[in-house]
Each structure stands twice: as C-alpha cells, then as structure tokens.
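A short write-up of the structure that comes next.
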Amino acid sequence: MEQYVIRGGIPLIGEVEIGGAKNAALAILAAAVMCDEPVVIDNIPDIRDISVLLSAIQEIGAGVERLGKHTVKITGKTIKTVRVDHDSIKKIRASYYLLGALLGKYRKAEVPLPGGCNIGIRAIDQHKKGFEALGAVVKIEHGMIIADTDSLRGCHLYFDMVSVGATINVMLAAALAEGNTILENAAKEPHVVDVANFLNSMGANIKGAGTDVIRIKGVRALHGTEYSIIPDQIEAGTFMVAAAATKGDVVVRNVIPKHLEAISAKLSEIGCQITEEDDAVRVFGNNELKHTQIKTLPYPGFPTDMQPQMTVTLALSKGTSIVTETIVDNRCKYVDELAKMGATIKVEGNTAIVDGIRKLTGAEVSAPDLRAGAALVIAGLAADGYTVIDDIQYIERGYEGFDEKLRQLGAQIERVTCEKDIQRFKLKIC
Ligand code: EPZ
C-alpha cells in the first residue's frame, strides 16, 4: 500500500505550477459526450478520478483519445448505450454528471449512485428535483439512478439549497431541453462558470453562470469545440496554506487570483504577506501566525474543500481559532489523526475549536479522504520529525504529482511502498 513519508520542519520555498481544476474537468468531460462532433479539452489534471471517468465514457462507446498528458479528444457520436455501469465509477461522485449529459442528449440515462469521499451523506435530491422539473421520471433501482422522458422541457426551478453538483447537472440537461430554463439559488463556484462557458463554446445558450440565477435557452444540438480548463482553486489554496504552515515563501503560478480571494484574505488575517500578479499569488508566511475564525460557505465564501488544510495552519497559530463547517457534515474526521501529532482541537458538531500550539510532532497517520489527506501532508511538512501517511490513494485522486511538486519547493517527502523504503528515506536525508 503506497504511503508518503515526510521529514518535517522545512519551510517551503519557491514556485509551483497549478494544474487544471479537477471539479471543472470532471463535469466538462461528462458534458463533452453531449455533441456528436469531436471535442478537444486541454489542461485536464492527470489524476485517478479523471482516468476513471474517461474509461466509463469510453465504455458507453464514446471515442476517447489522449492527445497528451493533459489533453483529450472525446467524440460522442459512437455512444451505444446510456447505461453507465463501470465498476470503478461507483467510487467517484462526479459520475453523476453523466446523468445530466446523457439525459439532455438522449432523453434517458442510467448511472450508478455516486461514490466519492466519505464526507457526509452527500444526497442527490436536488439533482432529482431538477431533472423531474424538466419532465424526466427519475427512479433509483438496484443502486442505479434511472432518468427517462419523451421530452425535456425548460422549467423555472428554485433549488432548496445551494448545490454545485445539482446546479451543473441540471444545467447540462437544460442546455438541450426545449424552451427556456431558469435556475434560482444556483451555485456560483468558478467551476460552475467554467462548465457554462464550455457548453456555450459548443453552441449552448447559457447566461448568468456565476450568479445565483442562471438562464438557459435550450438548443437543438451542440457542436464540437476546443476548450481549456480553468486552474484548480483548491490545489492552489492547498499550496498557499502549506506555505503558511511551514513559514515558507511560495508563489503559486497559473492561477486566477480572484478565485483565491477568500483564502488569501484569511491567510492575510492570520499574519501572512500576500502579493498578487495577473496569474500568480505569493504567500510569505514567516511571521508568527495568529488565530482567526473560519466559516465555510458557498463561493465566494471560504471553500469547504479548504477547511481541513486551513485548520492545520490554525493549529499552529497563536491563540484559539474557531472553524465552522456549514456545507458538508462529518468533515472533521482528520482531527483524530492530527491529535496523534499533538494538535489540540475539540470538535463539537460541525465546529472545531482549535487551540494553537508551537509545534506539531511527526506520527503515523491515515488519510480519511482527499482534502483531509492533503491537510495531513501539510501537518507532516510543518511537524518536527518524521510522518508516515497511509491511504494516500485518496490524496492522489485529486492532486497530480503532489509529492513531486512539494519536493520542488524543498520538502523532504517521498512516496513509499514498504518499511524498507521508509528506512532508506531516513538514511538518505539524515
Ligand atoms: C462538489 O461536490 C465537489 N465535488 C466537492 O469537492 C465540494 O466539496 C462540493 O462541490 C462543495 O463545493 C465535485 O465537484 C466532484 P454540493 P458536490 O452538491 O457536487 C448536500 C473535493 O474535495 N446536497 O454542493 O457533492 C451534499 O450532501 C470534493 O474535490 C444535498 O443535500 O457538492 C453536501 O453536503 C469533495 N442534496 C452539500 O449539499 C443534493 O442534491 C454540498 O453538496 C446535493 C447536495
């Protein structure tokens, strides 16, 4: 089983290139099957979730051609079934975007119930509500979500809650519905905007993405396009917070600073120096960090996907911080792992009370999910001594070349598969 081994206590210093946004790429790859002409998509992160989705798209008959490590050509013309039953796709949540894409194009779709990180219940009732409002019959049988209709007609839908997935999924189906659709209380995340821009580049007619009201005029068919995915807000934020936790000096390149404002604002509040260029942000973190309050909110609020990583930095900041998770329940499991490293954090419901300490100490820990795993890497980088992280497959689902990028910033981290590798690592660096 692969692990990371880290020798902590070294400030991260240098520049890191940020890849394409995982959560935009997963939706856009699913949406690419909605036209019969070839679609070329660039700046796709080379991570496991992407490979899983691409193999499922290939399994239903679409053409999938890798033109490069970060570029793929998809041709939906040869799709032979709307039943997605690819074993591993049950492991990723984004499989459900094939529902909206196939329902929009073929008026029918059968997709396994979503898997993904074990963070909270992760219901899909808003997706179902949206598809039903468009005229589809949606049922769940034998672990499959089945959506079917003779005709898909525009609707005026008010989401009961802000949902990134439901906003994107219903937008996909509505793009090829007859008539106009208005989505109210829509999610405003950068990747929602990226998916809307992608659909419009294929001839869709979508306005208002990025606001809480999205207006869609259904079109009869979509055409081929070439498109490049936006940079990953959460990968960039993870490196920014790692710079702060290790009291380093890191420039994240190939980013959209506007997408990082909530993260930059909080890092500045705790004492980091933040400077911005057109496509880069620099985090200088070697002052003594101080406490603050964090409340995760839909964009443009502080992103839930940055909550575990920021909590680690607050665990090393002077004073008591309060972190409140309002988006995903059960997203504090990593606190038990951090306690093994000396962190003093008390979790009450969806709130973590973080008493900052001067130093964490290395330990053997396990990644409970993707972002919590990244947070444990940050803790290991900041801690005194050695940390070994198990279950790094969760981390590698969402971060391309994570250990390599960290080594380029001076981190002493290696991907290992056995105890002998760990001993070899320790001998090499001591
Ligand atoms: C997307 O998940 C991301 N995943 C998540 O990122 C991210 O945490 C989340 O958005 C919020 O930003 C992908 O894009 C693949 P939601 P999603 O629909 O679509 C509840 C990562 O780390 N809800 O906004 O599931 C749901 O249970 C991953 O990259 C309903 O109750 O997010 C969750 O608690 C983790 N009913 C909350 O809303 C629904 O119909 C937010 O869900 C839909 C959602």
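Using only the Cα atoms of the stretch 179-244, build the gyration tensor, take square roots of its eigenvalues as a ≥ b ≥ c, and label the shape rounded, prolate or oblate: rounded if a/c is under 1.5, else prolate if a/b is larger than b/c, else oblate.
Oblate.
If you filter the stretch 1-73 for trypsin sites (Lys or Arg not before Pro), then keep DSSP loop positions with at most 15 other Cβ within 10 Å, what is left?
The qualifying sites are Lys69.
What does the charge count around Gly135 come to, taking other residues whose C-beta lies under 14 Å from its C-beta (Lys +1, Arg +1, Asp -1, Glu -1)?
+1
Taking a quarter of the surface of the convex hull around the Cα atoms of the stretch 349-430, what do you get in nm²?
Averaged projected hull area, Cα only: 6.5 nm².
Kindly rank 160-168, 218-226 from highest to lowest mean number of other beta carbons found within 10 Å of each residue.
160-168, 218-226
Calculated from DSSP H runs of 4 or more alone, at -39500 (n - 2.57) each and per residue, what is the 222 nm mean residue ellipticity of the chain, nearest 500?
Mean residue ellipticity, 222 nm, calculated: -9500 deg cm²/dmol.
The stretch 312-393: D in µm²/s via Stokes-Einstein (Kirkwood Rh, Cα pairs, 37 °C, 0.692 mPa s)?
D, rounded to a whole number, is 260 µm²/s.
In terms of the Cα gyration tensor, with a ≥ b ≥ c the square roots of its eigenvalues, is the stretch 22-228 rounded because a/c is under 1.5, prolate because a/b exceeds b/c, or oblate?
It comes out rounded by the Cα gyration axes.
Roughly how far apart, in whole Å, are the Cα centres of the stretch 1-68 and the stretch 343-414?
22
Dividing the Cα radius of gyration by the Kirkwood radius, what Rg/Rh value follows for the chain?
Using Cα coordinates only, the ratio equals 0.98.
What are the ³J(HN,Hα) values, in whole Hz, obtained from phi via the Karplus relation 6.51 cos²θ - 1.76 cosθ + 1.60 with θ = phi - 60°, for each residue of the stretch 72-81 in sequence order, with x given for Gly and Pro?
After applying 6.51 cos²θ - 1.76 cosθ + 1.60, I find 9, 10, 10, 10, x, 4, 8, 4, 10, 8 Hz.
Work out the length of the dipole vector of the stretch 102-248 about its Cα centre, built from +1 on the beta-carbon of each Lys and Arg and -1 on the beta-carbon of each Asp and Glu, and round it to the nearest 20 debye.
So the magnitude is around 220 debye.
Shape call for the stretch 271-354 from the C-alpha gyration tensor, a ≥ b ≥ c root eigenvalues: rounded (a/c under 1.5), prolate (a/b greater than b/c) or oblate?
oblate
What would the Debye formula give as log10 I(q)/I(0) at q = 0.13, 0.19 Å⁻¹ for the alpha-carbon point model of the stretch 128-232, no solvent?
-0.45, -0.93
What are the semi-axes of the equivalent ellipsoid for the stretch 12-108, taken as the square roots of 5 times the Cα gyration tensor eigenvalues, largest first, in whole Å?
The answer is 25, 14, 11 Å, longest axis first.
Take the alpha carbon atoms of the stretch 254-290, find their center, do the same for the stretch 87-108, and report the distance between the two centers in whole angstrom.
Cα centroid to Cα centroid, the span is 36 Å.
Provide the percentage of antiparallel DSSP beta bridges, counting only those with both residues in the chain; round to the nearest 5.
Close to 70 percent.
Which peptide among 74-83, 412-421, 194-203 comes first, and what is the full order, when sorted by highest mean count of other Cβ atoms within 10 Å?
Answer by packing, highest mean first, reads 194-203, 74-83, 412-421.
We did not get these values from a lab; they are worked out from the coordinates using the rules stated. Since we're looking at a predicted model, the values are computed, not measured. Don't worry about glycine lacking a Cβ; one is built from the backbone with ideal geometry, like all the others, and counts go over all protein chains shown.
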